[in-house]
Amino acid sequence: MEWTPMEINPEMMDKLGVGGNWSFVDVLGLEGDQLSAVPKPCCALMLLFPLTQQHESFRQKQADKVAAGSEVYFLKQSVGNSCGTIALLHSVGNNKDKMTFNNSSALKKFLDDTADMSAEDRAKQFENNQAIKEAHNDIAAEGRCVPEADKVNFHFIAFVNVNGQLYEFDGRMDGAVNHGDTTDDTFVMDAAKVCLGFMKREKDEVRFSAVS
C-alpha cells in the first residue's frame, strides 16, 4: 500500500485538527547561529534525508539500541510514502499534553484509539484510517514539488524530548531509539547533533533538510 509522496506543509496540522498554538518552522542549519535561530520552546524536530546503502548498513548495527517499554508513543510504518505523516504523528503523539485539538480532530481520535495498542496494531489502524489518508493526500496534491512515485527515496524521522530523554522515531524501525539525556533548553542542539551524524555518514550527499 502506498500513499502520495508529500512535502511537510504547515496546513497538515490544521487538516488533522491540531490547535494553532504550535506551528512548523524551517531549520536553516544544524550548527551555530542558524540553529540558535530556531524559536523556543521547540517540542519536536523532523529530519528529511536520503535512504542510501550506508544508511541501511548503519540501521542494521543500531537494531539493538531500540528502546523497550511503553514510555513513548511509537507507530511502525507499513504504508509507502507515509513517513512525513508518521513523523508528525510521532511529534504530536509524544507531546500530547502540550497540544490543543479541535473537537473533530482526526489525529486526536487516532491517538486516543491507539493509545494502548502495540506499534504493529497501530500500523494496521493507520492503514485503514481514511480521515488521515485523505488529509495526507490533500496536502500532497497542494505540494510545489511533485516527485515521480518510483523515484521517491527520501525519508522523514522525528526527534522528541520525552521525560528528559532524547528519542528518535523512525517508523521503519521496530521502536524508538534513545539518545540519552536532554532538556527543554538543550533539546534542539541535542537533536541537531544526532542529525549531523546522519550527514557525516553520507560524505557526498547534501540533500538534507529539517523542520521544527
Looking only at the stretch 125-137, which residues are in a loop (DSSP other than H, G, I, E, B) and either within 15 Å of VAL92 (Cα to Cα) or open to solvent by less than 50 Å² (accessible area, probe 1.4 Å) (or both)? ASN129
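One line per residue, one yes/no per condition, for (1) within 17 Å of PHE208 (Cα to Cα); (2) outside any loop (DSSP other than H, G, I, E, B); (3) among the polar types (S, T, N, Q); (4) at pLDDT 75 or above:
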{"residue": "ASN9", "(1), (2), (3), (4)": "yes, no, yes, no"}
{"residue": "ASN21", "(1), (2), (3), (4)": "no, no, yes, yes"}
{"residue": "LYS40", "(1), (2), (3), (4)": "no, no, no, yes"}
{"residue": "GLN54", "(1), (2), (3), (4)": "yes, yes, yes, no"}
{"residue": "LYS61", "(1), (2), (3), (4)": "no, yes, no, no"}
{"residue": "ALA68", "(1), (2), (3), (4)": "no, no, no, no"}
In the stretch 88-104, how many residues are part of a loop (DSSP other than H, G, I, E, B) and either aliphatic (A, V, I, L, M) or open to solvent by less than 10 Å² (accessible area, probe 1.4 Å) (or both)? 2
Report, by residue number, each residue of the stretch 181-212 that is open to solvent by 90 Å² or more (accessible area, probe 1.4 Å) and either among the acidic types (Asp, Glu) or touching a Ser or Thr at 6+ places or on another chain (Cβ under 7 Å) (or both). ASP181, ASP184, ASP185, ASP204
Specify the residue that is modelled with the highest pLDDT; the eligible residues are those in the stretch 43-52 that are in a loop (DSSP other than H, G, I, E, B) and surrounded by fewer than 19 Cβ atoms within 10 Å (Cβ to Cβ). CYS43
Hey, GLU142 modelled with pLDDT under 95 and under 14 Å from VAL79 (Cα atoms) or not: no
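This table checks each residue for (1) part of a loop (DSSP other than H, G, I, E, B); (2) among the acidic types (Asp, Glu); (3) touching a residue at least 40 places away in the same chain (Cβ under 8 Å).
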residue	(1), (2), (3)
LYS109	no, no, no
ALA123	no, no, yes
ILE139	no, no, yes
GLY180	no, no, no
ASP185	yes, yes, yes
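The values are calculated or read from the model by the stated rules, or taken from the named source; none is laboratory data. Since the structure is predicted, the reported quantities are computational estimates derived from the model, not experimental observations. Counting neighbours? That spans all protein chains shown, and the Cβs are built from the backbone with ideal geometry, glycine included. To get the accessible areas, we keep the full protein, side chains included, count just its heavy atoms, and leave off ligands, DNA and RNA. Shrake-Rupley method; radii C 1.70, N 1.55, O 1.52, S 1.80 Å.
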